[in-house]
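The structure under discussion appears below in the form of structure tokens.
Here, each number is a calculation from the coordinates, and none is a lab measurement. Given the structure is predicted, the values throughout are model-derived calculations rather than measurements. When we count neighbours, we look across all protein chains shown, and the Cβ atoms used for this are built from the backbone with ideal geometry, even at glycine.
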Amino acid sequence: MVEGGREVQYQHIVHGNFLSRPNRFLAQVEIGGKQETVHVKNTGRCRELLTPGADVALEISDRPNRKTKYDLVAVYKESVGWVNLDSQAPNKAVKEWLEKQEFTKIKPEYTYGDSRIDFYMERGEERYLMEVKGCTLEVDGIGYFPDAPTERGVKHLRELAKAAGHGYHCFAAFVIQMERVTEVRPNVQTHPEFASALEAAERAGVQILHLRCKVTENSLVIQDTGAFV
């Protein structure tokens, strides 16, 4: 995988058909008539995406001695097209995006309070914090997060809310890892506590960003290219 601009680009992609997922790290995929055990680059449930027979895109690993030869990076869903499943891709794309926003300092994995927030930025005397969440769950054209309970996500939102009260510009950025979806809503049914924490964070001054992307089987590109507010 390589990164450039606001883009995450995968190399050496092959296609296969999803068969099963014995655990959150591994899947069984048919590739060229042969069953292979592959690494899944997303520990979320993805049950509505990884269904038997689904067309999946896999990147051939550049580490020849690894136990699994392939990484499952995307799956095709009829209603939205390709869905990027790489849980590392949103942060990689956002980092490149932030580097175009004229910040004087960008520090990933910044410790604030009892949490590690994805990004800390500075612009002059102004201080910024941003937590990034990748969205892969779509229902009737709307994105939802999370697809599984996330206590870590709740903790980060509460930390951002506190930081906003101490003069930081705080953002929760949802990277929409599929096309034809323009907004993300909290998945109240799956994790009501996250929905409450998001609402409380907004009231405290945390801004919510919905970053739309162009997605193919071998790339994810943030399309929101405007200046950072």
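Some points to look at:
- Value of relative contact order over region 2-84, rounded to a whole percent, pairs C-alpha under 8 Å and six or more apart: 26 percent
- Size descriptors for the chain, from the alpha-carbon set: Rg then Dmax equal 17.9, 59 Å.
- From phi via Karplus (6.51, -1.76, 1.60), per-residue ³J(HN,Hα) for region 180-186 in Hz, x at Gly/Pro: 6, 10, 10, 9, 10, 10, x
- Rh by Kirkwood over Cα pairs, then Stokes-Einstein D for region 89-222 at 1.002 mPa s and 20 °C, µm²/s: 142 µm²/s
- Remark on Glu183: its backbone amide H falls under 5 Å from those of Gly143, a criterion applied only to residues 5 or more positions apart or on other chains, H modelled at 1.01 Å from N.
- By DSSP, the beta bridges lying fully in the chain are antiparallel in about 75 percent of cases.
- Structure note, pairs Lys92/Lys133; Lys92/Lys162; Lys34/Lys77; Lys92/Lys214; Lys95/Lys133; Lys34/Lys69: Cα-Cα distances above 19 angstrom occur for Lys92/Lys162; Lys34/Lys77.
- At R0 = 30 Å, FRET efficiency that the Cβ-Cβ distance of Arg45 and Glu122 yields, to 0.05: 0.20
- Beta-bridge orientation, region 89-222: approximately 55 percent antiparallel, per DSSP, counting only bridges with both partners inside.
- Most fluctuating residue given options Gly143, Gly53, Gly153, as computed from a GNM of the chain linking Cα atoms under 10 Å: Gly53
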